[in-house]
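The values are calculated or read from the model by the stated rules, or taken from the named source; none is laboratory data. This is a predicted model, so every value here is computed, not measured. Positions of Cβ are generated from backbone atoms using ideal geometry, with glycine treated the same way; all protein chains shown enter the neighbour counts. The protein model used for the area step is the full one, side chains on, heavy atoms only, and it has no ligands, DNA or RNA in it. Shrake-Rupley method; radii C 1.70, N 1.55, O 1.52, S 1.80 Å.
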Amino acid sequence: MPTVTTPITIRGNIIRNRIAMLPMVTFSFKGGGDAYYGKQHVEHYTNAARAGAGLIILQSTNVVGVERGEGMWTAGSLEALRAIARNATAQGATVMMQLAGGSDADGDINDWSTADVLDRQRALKMAAVKAAELGFHGVEYHFAHGFTLCRFMDAAYNQRTDEFGGSLENRLRIVTDILPEVREQVPDNFIISARMGEFVPTAEDGAAAAVHLERCGIDLLDVSFGMRMPEGPVPEGFEFSPVTHSGYAIKRVVSIPVIGVYGIRTPGQARRLVEGGYADMAGVGRAMLADPGFASAVLDGTPYRQCLACKRCFWFTDHTLCPAGKLPETL
Ligand SMILES: Cc1cc2nc3c(=O)[nH]c(=O)nc-3n(C[C@H](O)[C@H](O)[C@H](O)COP(=O)(O)O)c2cc1C
């Protein structure tokens with residue numbers, strides 16, 4: 001059984017260990033000028049790479065605007081993104097962008113015309129190609145957390161009657177249809193991942209979606225939650241959360257690697273998640289916000305500041321209020 005320090009090869013990329021920084025929007029960072037991304041982001045992700053994270057998945061980037069260099073894709077943002085990819089790679093990390101299929105500003109996906117979906121498919125494709133050009137090793141399509149692509153995937157939410165609704169194949173088509181075209185335009189070893197939930201809305205739907213995504217050429221699954229958080233219970237003896245259990249359930253039906261997530265706040269938890277065979281990689285979110293050096297705590301046992309799992313994470317509003325930074329380090 002691999003340990004958290006065992007490298008893992010995904011589509012020919014040797015990822016140096018099994019610690020994955022999860023995608024997390026840094027709401028209070030400023031880009032500068034008209035740029036969404038800027039120096040603060042470059043520093044943040046470079047630090048995570050320097051601490052030893054094997055895989056870094058950048059915060060969610062909305063694909064809308066990619067075609068015209070607008071939204072999150074202005075020249076200044078692209079420059080920062082290029083610097084993130086370059087620095088993280090130089091530090092030995094594998095680094096990917098997370099691509100969101102839209103935002104609430106787009107309205108209900110059930111009201112979109114077929115032409116609207118085809119437009120969005122073009123942006124989803126172009127954003128992946130752009131990520132490759134910027135130097136990223138891959139992208140993750142964000143099918144989780146009730147956002148746009150999640151609404152397409154969820155069999156109860158998606159009420160469309162065209163080729164983007166109904167059957168499982170149709171509900172995933174917004175991304176699966178474009179994969180061959182993306183593959184033609186990116187390097188052979190470009191990783192394409194999907195973040196998804198198990199209950200979409202049933203566990204059977206989630207398992208079927210995961211199997212279909214693998215069949216369509218997805219290289220990696222990052223299993224979080226779908227339209228809402230699962231409440232459990234988890235089987236007796238399983239020390240992690242219901243979300244983490246979803247990753248374990250999905251791992252058993254696919255052969256591509258699965259990132260297990262939620263509530264990994266100590267080096268011991270990260271180790272046991274992988275060594276127990278519950279996930280191929282330990283996904284770490286807030287613990288890396290609380291202490292950007294968390295990966296080196298897992299790898300080398302260095303002291304770190306532990307995430308306090310605040311009821312509402314301060315990184316959603318003002319990261320300078322995160323209480324972890326004010327605590328003494330623990331081992
Ligand atoms: C401030 C903040 C921002 C987040 N932004 C994203 C995001 O952009 N995309 C995403 O898929 N999940 C996002 N998440 C969810 C995390 O990726 C992760 O799944 C969640 O925090 C649970 O893992 P953890 O317990 O290790 O933090 C965010 C979470 C936080 C706290």
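In table form, for the structure just shown:
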quantity: Sole exception among (1) modelled with pLDDT of 95 or more; (2) over 21 Å from Ile10 (Cα atoms); (3) among the charged types (D, E, K, R) for Glu231, by number; calculated: (1)
quantity: Qualifying residues in region 249-283 (those that are free of Cβ contacts under 8 Å to residues at least 60 places away in the same chain and assigned to a strand (DSSP E or B)) - the one surrounded by the fewest Cβ atoms within 10 Å (Cβ to Cβ); calculated: Val258
quantity: Unique match (being aromatic (Phe, Trp, Tyr), within 16 Å of the ligand (Cβ to nearest atom), closer than 16 Å to Gly217 by Cα and touching a residue at least 24 places away in the same chain (Cβ under 8 Å)) among Phe152, Phe143; calculated: Phe143
quantity: Sole residue being assigned to a loop (DSSP other than H, G, I, E, B), β-branched (Val, Ile, Thr) and within 15 Å of the chain's Cα centre (by Cα), chosen from Ile192, Ile218; calculated: Ile218
quantity: Some residue of region 251-271 being out of contact with any strand residue (DSSP E or B) (no Cβ under 7 Å at 6 or more places or on another chain) and at pLDDT below 95; calculated: no
quantity: Matching residues, region 112-145, being closer than 16 Å to Arg171 by Cα, open to solvent by less than 30 Å² (accessible area, probe 1.4 Å) and more than 14 Å from the chain's Cα centre (by Cα); calculated: Trp112, Val117, Gln121, Leu124
quantity: Selection within region 169-189 - hydrophobic (A, V, I, L, M, F, W, C) and assigned to a helix (DSSP H, G or I); calculated: Leu172, Ile174, Val175, Leu179, Val182
quantity: Members of region 24-37 that are closer than 28 Å to Pro257 by Cβ, open to solvent by less than 20 Å² (accessible area, probe 1.4 Å) and not aromatic (Phe, Trp, Tyr); calculated: Thr26
quantity: Condition broken by Leu81, with the remaining ones in (1) buried (at least 21 other Cβ atoms within 10 Å of the Cβ); (2) of a type outside the set (Lys, Arg); (3) touching a strand residue (DSSP E or B) at 6+ places or on another chain (Cβ under 7 Å) satisfied; calculated: (3)
quantity: Those residues of region 149-168 which are open to solvent by 10 Å² or more (accessible area, probe 1.4 Å) and outside any loop (DSSP other than H, G, I, E, B), in sequence order; calculated: Arg151, Leu168
quantity: Candidate set from region 191-210 (those that are over 23 Å from Ala282 (Cβ atoms) and surrounded by fewer than 24 Cβ atoms within 10 Å (Cβ to Cβ)); member that is farthest from the ligand (Cβ to nearest atom); calculated: Glu204
quantity: Single condition Ser241 does not satisfy, out of (1) within 14 Å of the ligand (Cβ to nearest atom); (2) more than 20 Å from the chain's Cα centre (by Cα); (3) among the polar types (S, T, N, Q); calculated: (2)
quantity: Which listed residue is surrounded by fewer than 22 Cβ atoms within 10 Å (Cβ to Cβ), at pLDDT 95 or above and away from the ligand (no atom under 15 Å from the Cβ), from Arg171, Arg68; calculated: Arg68
quantity: Tally, over region 294-310, of residues that are open to solvent by less than 20 Å² (accessible area, probe 1.4 Å) and either touching a residue at least 60 places away in the same chain (Cβ under 8 Å) or touching a Cys at 6+ places or on another chain (Cβ under 7 Å) (or both); calculated: 3
quantity: Top-ranked residue of region 211-248 - restricted to ones that are charged (D, E, K, R) and either under 25 Å from Thr94 (Cβ atoms) or in contact with a Cys (Cβ under 7 Å, 6 or more places away or on another chain) (or both), ranked as least open to solvent (accessible area, probe 1.4 Å); calculated: Asp222
quantity: Output for region 7-45, where each listed residue is more than 16 Å from the ligand (Cβ to nearest atom), touching a residue at least 40 places away in the same chain (Cβ under 8 Å) and among the β-branched types (Val, Ile, Thr); calculated: Ile8, Ile10, Ile15, Val42
